[in-house]
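Student: The structure under discussion is supplied below as structure tokens; questions concerning it will follow.
Taken together, the values in this text are just the output of simple stated rules run on the coordinates, not laboratory data. Note that the structure is a prediction, hence the values are computed from the model and not measured. Here the Cβ is made from the backbone with ideal geometry for all residues, glycine too, and neighbour counts use every protein chain on show.
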Amino acid sequence: MSVPNKASSRPKLLVARIREKYPETFMELCPRQLKIGIGRDSTNAAILSPRELRAALCWYTRRPAYWCACKSGAERIDSPVSPWALKRLAEQLAEYHARAVAIREAARRARRAERATEAAVAGSARQAPTRASLADLRAAAARRRAA
């Protein structure tokens, strides 16, 4: 049985520390392309020393799963601490909100249209109530008095 190499397991532990703070940026099972120069941006986060961060990023980006995920022209993931990432996050939130409002309005319009068709169908099927004449009402009153 072989003993795990301490040098090879250290970057995994470093990436695990980064992943605890930024799970959507450093995904384990389905990695996504990182922004070029993310190491320089992430040194301000003070999670790891610059040397540890460089070792962790080297290990993360040299994995076969990362290379399989790399596609030409694909969007690259930025560090959540950079101003660019915050701006992109605000844009995504605004897009999500706009889509949610549009979906809600479409559902509301569909419900209104459904109610209108139900009312039209029910209105055509419903017959006007028959009204009793004055003579019918007097006859009913006389029957009640006699009983």
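Student: Provide the gained length on full extension for the span residue 106 to residue 58, in nm with one decimal, where the gain is 0.36 nm per separating residue minus the Cα-Cα distance.
Tutor: 12.5 nm
Student: Using a 10 Å cut-off around each Cβ, can you sort 25, 130, 61, 117 from fewest to most neighbouring Cβ atoms?
Tutor: 130, 117, 61, 25
Student: Determine, from the Cβ-Cβ distance of residue 119 and residue 90 and an R0 of 41 Å, the FRET efficiency 1/(1 + (r/R0)^6), rounded to the nearest 0.05.
Tutor: For R0 = 41 Å, the calculated efficiency reads 0.40.
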